[in-house]
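Have a look at the structure below before the remarks.
The values are calculated or read from the model by the stated rules, or taken from the named source; none is laboratory data. This one's a predicted model, so the numbers in the text were calculated from it and none came from an experiment. We place every Cβ from the backbone using ideal geometry, glycine too, and count neighbours over all the protein chains shown. All accessible areas refer to the heavy atoms of the entire protein, side chains included, with ligands and DNA or RNA removed. Shrake-Rupley method; radii C 1.70, N 1.55, O 1.52, S 1.80 Å.
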2 protein chains.
Amino acid sequence: MRKNAEINATPVCQVKMQAISDAMSLLSGKWKFHILGTLIEGSTLGFMDLLREVNGIGSKMLSKELQDLEMNKLISRTVMNTKPITVSYSITEYGKTLSPLIDEMAKWGIDYRKSVYGK
Amino acid sequence: MRKNAEINATPVCQVKMQAISDAMSLLSGKWKFHILGTLIEGSTLGFMDLLREVNGIGSKMLSKELQDLEMNKLISRTVMNTKPITVSYSITEYGKTLSPLIDEMAKWGIDYRKSVYGK
DNA sequence: TGACATAGTATCCAACAGGAAACTACTTTC
DNA sequence: GAAAGTAGTTTCCTGTTGGATACTATGTCA
């Protein structure tokens, strides 16, 4: 009988598990993928644009999620010198590295739908 | 000025967003990736094995997460005719289709760590 | 017979996630 | 001067997540 972890005790697994935890903590919540996806697609958008594009989100959540994403350098926030003042959000180069992951997620989700609701 | 969503109103975006929501809802929570990753790596494990392998999880959460995953056909549960009775959990063929997604997530997380804590 | 293994369930609780609505503050337009 | 646009913040509330602890039920071994 086995008393201690064996599989996940290997260094390579430890590193992978840690990595997944890291990624999940940055991308957790109901809205982050939607916001990132929208910014990847739409390049540069203001706060109100995002409020309209991200279906169902409220201003409180949008504000909070944008702060999170900016803190993690996935998006950038620039106050524009316009009248009235506008703020433009866009994806960073680093944020763009999430594209393969987002695509993979979407791909799997699409296949999943097919398998559940018939092909 | 734009009053309505434009980017995400396109059918292709709607489908992608829906797909991501689907995938996220199946894989949400603190433990699902860990459990799936462990079962992909370890092939077949009992309840107590998983309790030991998945670092930090408690029996209540493990039980609940395993039920969720089984309901979604990502893992299978088999009661073995042994003494004492044991139950073996393993990844299904369908669950294995998550491998690319899990790998992509791990890959991104590893790169993220490098970029934060120096290369 | 008591310790220990199997696989969970039950109970209680704290923390967090997320939503609705109202509100701030500033500027431009009608 | 009122309305409407910009970008948020504040408050209050509910529902979910997740953890600790204890417990059930069964069987084996020494």
Most fluctuating of A:Ile57, A:Ile75, A:Ile35 in the GNM of chain A (C-alpha, under 10 Å) is A:Ile57
Top positive-direction residue, dipole computed over the protein assembly as shown with Cβ charges, set A:Gly37, A:Ala106, A:Asn81: A:Asn81
If the elastic network links every pair of Cα atoms under 10 Å, which of B:Leu26, B:Leu50, B:Leu101 fluctuates the most in the Gaussian network model of chain B? B:Leu101
Placing each pseudo-label 7 Å from Cα in the direction of the beta carbon, A:Thr78 and B:Thr44 end up separated by a distance in nanometres of 5.9 nm
Subtracting the Cα-Cα distance of B:Ala9 and B:Ser25 from 0.36 nm times their residue separation yields 3.6 nm
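Order the following by accessible area, largest value first: A:Glu6, B:Glu93. Probe radius 1.4 Å; ligands, DNA and RNA are ignored.
B:Glu93, A:Glu6
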Dipole moment magnitude, nearest 20 debye, the range B:30-116 about Cα centre, only Lys, Arg, Asp, Glu C-beta charged: 220 debye
What nm distance separates the two modelled labels at B:Ser59 and B:Ser90, each placed 7 Å from Cα along Cα→Cβ? 2.6 nm
Of the residues B:Val87, B:Val79, B:Val12, which exhibits the maximal mean-square fluctuation in a Gaussian network model of chain B defined by a 10 Å Cα contact cut-off? B:Val12
Which residues qualify? For A:Gly46, with a placed amide H closer than 5 Å and at least 5 residues away or on another chain, they are A:Tyr89
For B:93-100, what's the mean count of beta carbons from other chains sitting within 10 Å of each residue's beta carbon? 2
If the label for B:Ser115 sits 7 angstrom from Cα along the Cα-to-Cβ line, what are its distances to the same label in every other copy, in nm to one decimal, shortest first? 3.0
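At a probe of 1.4 Å, how much accessible area disappears from chains B and A on forming the pair, both sides counted, to the nearest 100 Å²?
Working: alone 9030 and 9030 Å², together 13430 Å².
The buried area between B and A, both sides summed, comes to about 4600 Å².
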Rounded percent of accessible protein surface that carbon and sulfur make up, the range B:1-90, 1.4 Å probe: 55 percent
What figure in square angstrom, to the nearest 10, would you give for the accessible area of B:Arg77 with a 1.4 Å probe? 110 Å²
Mean ellipticity per residue at 222 nm, deg cm²/dmol - from DSSP H runs of n ≥ 4 across the protein assembly as shown, formula -39500 (n - 2.57): -18000 deg cm²/dmol
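What is the average number of partner chain Cβ atoms found within 10 Å of a Cβ in A:107-116?
Partner-chain Cβ atoms within 10 Å, mean over residues of A:107-116: 6.
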